[in-house]
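For reference, the structure is listed below as C-alpha cells.
The values are calculated or read from the model by the stated rules, or taken from the named source; none is laboratory data. Only a predicted model underlies this, so the values are computations on that prediction, with no experimental measurement involved. Every residue, glycine as well, gets a Cβ built from its backbone with ideal geometry; the counts of neighbours run over all protein chains shown.
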Amino acid sequence: MSWQVQQAKQRFSELIRRTLEEGPQVVTRHGEEVVVLVPAAEFRSSREQRADLAEFLLGGPDFDLLELERGLQLPRTAELQE
C-alpha cells in the first residue's frame, strides 16, 4: 500500500501494524515515493545478504594477477536484418 506523508503521520500505528502484517509500505510526498517502511527483521536480513555478497565478491580472484591474452583476430561481421 502507498501512504501520503500526512496520512502516514496521522495513522502511524496503523502504518506499523500493516507493515508487520502485510509487508513493506511505501510513503509518498507530492506523488513521489520517498521511503519504504519494512519490518526490522527484513531490514536486518537484507543488510546481512548485502554484506555476504560484498564479502563474496571481494574474496574472489585478483584479476590483476591473472595473465589474460586477447586473440589478435579481427571482430567478425554480422548481418543485420530489418
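Is there a residue in the stretch 2-19 that is at pLDDT below 95 and at negative phi? Scanning the stretch 2-19, I find at least one residue that is at pLDDT below 95 and at negative phi, so the answer is yes. Residues that are over 14 Å from the mean Cα position of the chain (by Cα) and free of Cβ contacts under 8 Å to residues at least 12 places away in the same chain were ranked within the stretch 27-40; the one that is surrounded by the most Cβ atoms within 10 Å (Cβ to Cβ) is 40.
Could you tell me whether any residue of the stretch 41-60 is surrounded by 10 or more Cβ atoms within 10 Å (Cβ to Cβ) and in contact with a Phe, Trp or Tyr (Cβ under 7 Å, 6 or more places away or on another chain)? Scanning the stretch 41-60 turns up no residue that is surrounded by 10 or more Cβ atoms within 10 Å (Cβ to Cβ) and in contact with a Phe, Trp or Tyr (Cβ under 7 Å, 6 or more places away or on another chain).
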